[in-house]
1. If we scan the range 77-85, do we find a residue that is on the phi < 0 side of the Ramachandran plot, outside any loop (DSSP other than H, G, I, E, B), in contact with an Asp or Glu (Cβ under 9 Å, 6 or more places away or on another chain) and surrounded by fewer than 17 Cβ atoms within 10 Å (Cβ to Cβ)?
2. Given the structure, is residue 250 at pLDDT below 65 and either over 23 Å from residue 438 (Cα atoms) or not in a loop (DSSP other than H, G, I, E, B) (or both)?
3. Filter the strands (runs of 3 or more DSSP E) completely within the range 341-448 down to those with at least 3 residues that are among the aliphatic types (A, V, I, L, M) and farther than 24 Å from residue 12 by Cα.
4. Just for the range 139-170: of the residues that are closer than 15 Å to residue 309 by Cβ and of a type in the set (S, T, N, Q), which one is surrounded by the most Cβ atoms within 10 Å (Cβ to Cβ)?
5. Checking residue 338 against (1) outside any helix (DSSP H, G or I); (2) closer than 26 Å to residue 135 by Cα, only one condition comes out false. Which one?
6. Would you mind stating whether residue 18 is surrounded by fewer than 18 Cβ atoms within 10 Å (Cβ to Cβ) and in a loop (DSSP other than H, G, I, E, B)?
7. Residues of the range 100-125 being surrounded by 13 or more Cβ atoms within 10 Å (Cβ to Cβ) and among the basic types (Lys, Arg), which ones?
8. Does residue 493 satisfy the condition of being in a loop (DSSP other than H, G, I, E, B), closer than 30 Å to residue 166 by Cβ and at pLDDT below 85?
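The values are calculated or read from the model by the stated rules, or taken from the named source; none is laboratory data. Here the structure is a predicted model, which means the values were calculated and not measured. A quick note on method: Cβ atoms are made from the backbone with ideal geometry, for glycine too, and the neighbour counts reach across all protein chains shown.
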Amino acid sequence: MKGDFSRVSFDPRHHFSQVLLQQGRVTLDADPNEQGAILLHYLRTMALDLFGPYAAPAGHPGFGLALDDDHGLALQISAGRYYVQGVLCESDGCNYLDQPHYTPADGKDGPIDALRRWLGSASRDASRFWVYLRVWERHVTSLEMPHLREVALGGPDTCSRAQVVWQVRALDLAEVDKRLQGRIEGLKKRIEQTEDEAERTQLQAQLETLQAERDLLRESPEQACAVPLHLFERDPRATLTLRLQPPERLDDPCVTDPDVAYRGTENHLYRVEIHRGSDSGAPTFKWSRDNGSVVTRWVSGGGKRLRVASTRGFADAQWVELSDEDDDLQGRPGTLCRLGSVDGDELVLASDAPRQANATSKVRRWDQQARGDVSLDDGAVPLRPSSGLEDDWIDLEDGVQVRFDPDAEYLSGDYWVTAVRTTGDTGWPVDGDGEPLAESPHGVTYYHAPLGFVGLSVNGAPGVLAPCTCLVYPASTCEPRAGLVSTPKTPRKRKDG
């Protein structure tokens, strides 16, 4: 979350249960933020333990699928609640083509969404589609939602929000099969390359399971709702290590080694974020010393001159990212451009902006620069995989260095944050010998759940071929009714997706 925070202190590995304020002490933003994170972690973990990976409460089930042909064929999403990995998703009911946070591609700026094409076709083919729910949490400020400002106080920027975003998406089963085959081939390649016997055995077991489940999906999709979820499994090797550059060794015993740890004069919350993911070529990253929180609304203008709401925090020769609401909701990066100068309420770019402003456009500052052995690729730093050599470390600034693990798959939006202090403390986890540990991305975490299969039935009529939603029932068997005494009911079994 790209907020103006002093630090992000919540870490589930500490197993804290509460933040306790003390009298007469300084309170930072990190303290109440951590209290909220502790409680949210508790509630979502409990929901996951009780409901499983995905389920709807029987009294208010949501995200049921139904085809409506009153005014052309349309896929309707029912109102109600659904829990995905413990995260509560709430639907007010909508059409697949008109969701609150997602609009399937209409084909104007690229390939049309496969299910959208099928729904609007006069003569529908025999394609079948796996419909699923995609869930994550995003950071929302007054830039995205102006009503968060208190107008009675002149509209100051105060607290920001975290918002649960859900999107109902669909994949053609032929595409699912193709991608599963790609994962199978990837596992075979890793088995051939690994020299560790235990790892080879583990990978072989994963391969056999995936092959068997893909065969089941081909033969009987209604019995294999969860099989396509394998498409979203992450490579655990996608990690980053951060450190402060160690002191140089001098051969002269009479000269004290200089302290070249953190050389910055201010405390910062550093953010390292993948810009271009592995699926779009060689991955790159961008970084910010202020957690990417320096951002302003792009009001109007185009070409080289962008009129913005505020130029505070922007300066000549910086790199800025032009993006909008669609980029955020699609999980894709914006466009990086170099600033030539700042002129009043305008940001003057070194070259023409490749896009035009709209109602949700914004400009965000990043701090990477080409210096020393660090070069830039379209404004971002190429991600050099580690080979275990000392020179694999990539310099950010003032002694802060990062290193990425080799042969891993990185996704656009993966990020890591750490608070670096003038005392030389980075807050980065270390092992028993004080060496920095490799950390998996701190976010963004996406969760997925199957909803059902859509296509032509055996009689050639379009319909929901098989629902995949699961229901959970209250632990209590009581159903109070006016003037009646309820009788215990036989517990129903949970439908397994």
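1. Applying the first criterion (on the phi < 0 side of the Ramachandran plot) to the range 77-85 yields 77-79, 81-84.
Now drop any that are not outside any loop (DSSP other than H, G, I, E, B), which leaves 77, 81-84.
The next check asks that each one be in contact with an Asp or Glu (Cβ under 9 Å, 6 or more places away or on another chain); those that pass are 81-82.
Filter once more, so that each one left must be surrounded by fewer than 17 Cβ atoms within 10 Å (Cβ to Cβ): 81.
Yes: one or more hits.
2. On the way: at pLDDT below 65: yes; either over 23 Å from residue 438 (Cα atoms) or not in a loop (DSSP other than H, G, I, E, B) (or both): yes.
Against the criterion (at pLDDT below 65 and either over 23 Å from residue 438 (Cα atoms) or not in a loop (DSSP other than H, G, I, E, B) (or both)), residue 250 qualifies.
3. On the way: elements: 346-349, 362-366, 394-397, 400-404, 415-420.
Output list reads 346-349.
4. 141
5. (2)
6. Considered against the rule, which asks whether it is surrounded by fewer than 18 Cβ atoms within 10 Å (Cβ to Cβ) and in a loop (DSSP other than H, G, I, E, B), residue 18 comes out as yes.
7. Start the filter on the range 100-125 by keeping residues that are surrounded by 13 or more Cβ atoms within 10 Å (Cβ to Cβ), which leaves 101-106, 112-120, 124.
Across the range 100-125, the qualifying residues are 116, 117, 124.
8. Working: in a loop (DSSP other than H, G, I, E, B): yes; closer than 30 Å to residue 166 by Cβ: yes; at pLDDT below 85: yes.
In short, yes.
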